[in-house]
Amino acid sequence: MKVVFKLMILFLLVSCNKKTEENFPEYETQEELNERITEGKPFFDFDEVVHYQIEISEEELSKIETAEEKNEKEQMFFTLMFTGVPKNQKSESVFWKNLDSIVEFKRIVKSEFLSDLKNKIFTEKKCEDSKGEVSNFSACAPIYRDILIFRKLNNNVGIAKVCFECGIANFSKANAITDCFGHNLTNELQRLENILKENKKLK
C-alpha cells in the first residue's frame, strides 16, 4: 500500500509540474515568462478572503495516508489535502461539500490585511530564484492544510491551496500569471503565513 501511495504522490507532483506547460506552452525559459509578467497585477479582484485551516494530528494524517479503504470522512480529508484546486464543475462541487463538512477552522481575514494580500502578496512578480527554466516542481509532496477563498461582492472569485511546509501554492484560474508565486525574493509565502497567524490571534 505504501508503494501505491508513493506512486499517487509522484503522479500529483508530476501533474503540478505540468501546470506551467499546460497553461503557458509558449514559455520555454524564465526570461520568456518574465517578459509577460505585469508586476503588481493582482491575481484576483476581491474584497474578502476566507481562511480555512485543516487542523489534523500527524497520527491522523498518517492513518489517512496509509488506509487501504478510507471511510467517507477520511476520503474527504485526503481529497482536500492531497489534490490541487478543482478544475471542473464536478470536482468543484466535491470541493465545497468537503470544505463545509469537515474543516472546522474558518475565519474571515481582517480588512487591515486585505491591502497587503491584494497588492503585495497575490500579485504578478518576476521569477528570480530558478536557473533559467520555468518550473513549479518541488521534491516535497504538498499537503494543503491552508485554503483561501477569495470573494467579491459575496461571490467566490478564486481559490488558493497552500502548503507552507513545501512552499507550494495551487491556484484556481486567475486574472494574472501565478507561475512565479514563491519563486522570487519577496518571500510571499512567509509574509502570507505571518498574516494568517496574526489574523488567527485576532477576535
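The values are calculated or read from the model by the stated rules, or taken from the named source; none is laboratory data. Keep in mind that this is a model prediction, so the values were computed, not measured. No Cβ is skipped: glycine too gets one built from the backbone with ideal geometry, and neighbour counts run over all protein chains shown. Ligands, DNA and RNA are stripped out before the accessible areas are found, and what is left, the full protein with its side chains, is counted by its heavy atoms. Shrake-Rupley method; radii C 1.70, N 1.55, O 1.52, S 1.80 Å.
Looking across segment 141-167, the residues that are out of contact with any Ser or Thr (no Cβ under 7 Å at 6 or more places or on another chain), surrounded by 18 or more Cβ atoms within 10 Å (Cβ to Cβ) and closer than 13 Å to Val50 by Cα come down to Asp146, Ile147, Leu148, Ile149, Phe150, Val157, Ala160, Lys161.
How many residues are at pLDDT below 90 and basic (Lys, Arg) when one looks only at segment 54-73? Qualifying residue count, segment 54-73: 1.
Restricting attention to segment 159-203, the residues that are within 19 Å of Gln30 (Cα to Cα) and of a type in the set (A, V, I, L, M, F, W, C) total 7. Taking segment 105-126 as the range and being of a type in the set (S, T, N, Q), open to solvent by less than 70 Å² (accessible area, probe 1.4 Å) and either touching a Gly at 6+ places or on another chain (Cβ under 9 Å) or in contact (Cβ under 8 Å) with a residue 12 or more places away in the chain (or both) as the test, only Thr123 passes.
Suppose the filter is open to solvent by 70 Å² or more (accessible area, probe 1.4 Å), part of a loop (DSSP other than H, G, I, E, B), closer than 25 Å to Cys140 by Cα and not hydrophobic (A, V, I, L, M, F, W, C); does Glu59 pass it?
Values: open to solvent by 70 Å² or more (accessible area, probe 1.4 Å): yes; part of a loop (DSSP other than H, G, I, E, B): no; closer than 25 Å to Cys140 by Cα: yes; not hydrophobic (A, V, I, L, M, F, W, C): yes.
No; evaluated as a whole, the condition is false for this residue.
Answer yes or no as to whether Ser91 is among the small types (Gly, Ala, Ser), surrounded by fewer than 16 Cβ atoms within 10 Å (Cβ to Cβ) and over 16 Å from the mean Cα position of the chain (by Cα). Reasoning before the result, please.
Values: among the small types (Gly, Ala, Ser): yes; surrounded by fewer than 16 Cβ atoms within 10 Å (Cβ to Cβ): yes; over 16 Å from the mean Cα position of the chain (by Cα): no.
Against the criterion (among the small types (Gly, Ala, Ser), surrounded by fewer than 16 Cβ atoms within 10 Å (Cβ to Cβ) and over 16 Å from the mean Cα position of the chain (by Cα)), Ser91 does not qualify.
Within segment 125-140, does at least one residue satisfy the condition of being at pLDDT below 95 and aliphatic (A, V, I, L, M)?
Residues of segment 125-140 that are at pLDDT below 95, as a first pass: 125-140.
Still in the list and also aliphatic (A, V, I, L, M): 134, 139.
There is at least one residue in segment 125-140 that is at pLDDT below 95 and aliphatic (A, V, I, L, M).
The rows are residues; the columns are (1) free of Cβ contacts under 8 Å to residues at least 12 places away in the same chain; (2) within 29 Å of Phe113 (Cβ to Cβ); (3) open to solvent by 20 Å² or more (accessible area, probe 1.4 Å); (4) touching a Leu at 6+ places or on another chain (Cβ under 9 Å).
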{"position": "Glu31", "(1), (2), (3), (4)": "no, no, yes, no"}
{"position": "Asp45", "(1), (2), (3), (4)": "no, yes, yes, no"}
{"position": "Val49", "(1), (2), (3), (4)": "no, yes, no, yes"}
{"position": "Glu55", "(1), (2), (3), (4)": "no, yes, yes, no"}
{"position": "Asn71", "(1), (2), (3), (4)": "yes, no, yes, no"}
{"position": "Leu80", "(1), (2), (3), (4)": "no, yes, no, yes"}
{"position": "Gly84", "(1), (2), (3), (4)": "no, yes, yes, yes"}
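Please tell me if Asn170 is touching a residue at least 24 places away in the same chain (Cβ under 8 Å) and either of a type outside the set (S, T, N, Q) or under 18 Å from Ile54 (Cβ atoms) (or both). When the stated conditions are applied, Asn170 passes them.
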